[in-house]
Amino acid sequence: MTNTSNTQQGADYGAYVLTYKCPDQLGILARVANLLYARGAFITEVAQYSDPYTRTFFSRMVFDDRSLACAIDAFIAELNELAGTLNMEYRLRPLSQKQRVLLAVSKEDHCLNVLLTKWRSGALPADIVGVISNHNDCRGLVEWYGIPYHHLPVTADTKTQQEAQITALMQQEKVDLLVLARYMQILSDELCSTLQGRAINIHHSFLPSFKGARPYHQAHSRGVKVVGATAHYVTADLDEGPILVQEVKPVSHTYTIEQLVHLGHDIEATALSNAVRLHCEDRVMLNGDKTVILQ
C-alpha cells in the first residue's frame, strides 16, 4: 500500500482531493463513498475509470469537511484500513496545498513564458519555486516574475555533478514536480528513475512519430499534413514516457520548416501547460506505460 497524505485545513471548509487505484472488483466506489458518507465528508466531485485490460480501478474524489464528524487524522486511519483491504494505492491532498513545481529550460522561452503567465494569473494551480537552466538566456524573464533563477551549466564531463545539484535543489525546495520546458538535455537513467511520475517533458512532435532531434525537419521531409506536440512523463527511454497531452494543428505542403517551427511553438506551450495543470490537479494516474486522465 502506498500512502502519501498531508493534511491542512482552510479557514472555512477544508477541501481535499483523494485519488486512488486498486485491482478492480465489485463495489469499490461504493465502499469508498460509504466511508466518506459515514464520516460526514461532503463529496463535491467524482470521476472514475475501470480498465478492462489491466483490470484496475481508478478514481478521483473531491470532498470538504463542512460536516466531517471526526478529526481528519481519524478519517485517514479508517481510509488506511480500507486501503489495506482493497490493496489500494492512494493519495490524499488538501486543495489548499498546491504542488511545488521546478521548471527547467535551456534557451527557448516560449513554453516557459506561457507557464509563468498562467501561474501568475492563477490559471495554473501550482507554486513555481524556481527555474533551472544550463544557460542564462531566460534569466531576465524569470527574474521579472520574481522567481529564483538557478544557472547550472553542464557538459558531458560535469553531468553527474550538475544532476546532483538539481536533486539537491529539489530536496531543499520540497519539489513535487520537475517540468522540462524545452530543457535540451537528456536526463540520466538514474535521475529518470528517481523522478518516475514526477517529471514532465514536452516533445515538439506528435509522438510516437519523429522522436529525437529536429522533429520539424523530419516532419517537413515527410510532407506531414498535421504537426503536433506531446507532453509526457520522463523515463529512461527517450521520448517513450506515458503521454499526458497531445495537441495538433493542420498544415499544408506550402509550409516552410520555419513556419512549422513557429506554429509548433504555440502547440508545445499549450500542450505542456495543460499537462502541468492536469498533474497539479491530481487528474493523472499512471496505468503501466499509459495514463488515465480523470476529468
- Single unsatisfied condition, residue 145 versus (1) over 16 Å from residue 98 (Cβ atoms); (2) out of contact with any Leu (no Cβ under 7 Å at 6 or more places or on another chain); (3) surrounded by fewer than 17 Cβ atoms within 10 Å (Cβ to Cβ): (2)
- List pairs: first in the range 93-118 and touching a residue at least 24 places away in the same chain (Cβ under 8 Å) and assigned to a loop (DSSP other than H, G, I, E, B), second among the small types (Gly, Ala, Ser) and surrounded by 18 or more Cβ atoms within 10 Å (Cβ to Cβ), Cβ under 8 Å, 6+ apart or cross-chain? 95/15; 96/14; 96/15; 98/126; 106/133
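Among the residues of the range 54-64, are any part of a loop (DSSP other than H, G, I, E, B) and not assigned by TED's automatic domain parsing to the domain that holds residue 151?
Yes, the range 54-64 has at least one match.
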- Within the range 10-23, track down each residue that is surrounded by 16 or more Cβ atoms within 10 Å (Cβ to Cβ) and either at pLDDT below 50 or not in a loop (DSSP other than H, G, I, E, B) (or both). 15, 16, 17, 18, 19, 20, 21, 22
- Evaluate the range 128-151: report whether one residue or more is within 20 Å of residue 198 (Cα to Cα) and among the charged types (D, E, K, R). no
- Task: Of the conditions (1) surrounded by 18 or more Cβ atoms within 10 Å (Cβ to Cβ); (2) at pLDDT 95 or above, residue 153 clears all except one; give me its number.
- Result: (1)
- Item | Single residue of the range 209-260 satisfying the filter (assigned to a helix (DSSP H, G or I) and either among the acidic types (Asp, Glu) or crowded, with 18+ Cβ neighbours inside 10 Å (or both)) that is modelled with the lowest pLDDT | 216
- Item | Matching residues, the range 273-291, being outside any helix (DSSP H, G or I), charged (D, E, K, R) and within 16 Å of residue 246 (Cα to Cα) | 283, 289, 290
- Message: free of Cβ contacts under 8 Å to residues at least 24 places away in the same chain and out of contact with any strand residue (DSSP E or B) (no Cβ under 7 Å at 6 or more places or on another chain): which single residue out of 125, 153 fits that description?
- Response: 153
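For the range 45-61, what are the residues that are closer than 15 Å to residue 16 by Cα and surrounded by 14 or more Cβ atoms within 10 Å (Cβ to Cβ)?
Here is the first cut: in the range 45-61, the ones closer than 15 Å to residue 16 by Cα are 45-47, 59-61.
Correct list: 46, 47, 59, 60, 61.
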- Message: As an exercise: evaluate residue 179 against (1) in contact (Cβ under 8 Å) with a residue 60 or more places away in the chain; (2) not in a strand (DSSP E or B) and give the number of the one condition it does not meet.
- Response: (2)
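The values are calculated or read from the model by the stated rules, or taken from the named source; none is laboratory data. None of these values were measured; they are calculated from a predicted model. Quick reminder, even Gly has a Cβ in these numbers, built from the backbone with ideal geometry, and neighbours come from all protein chains shown.
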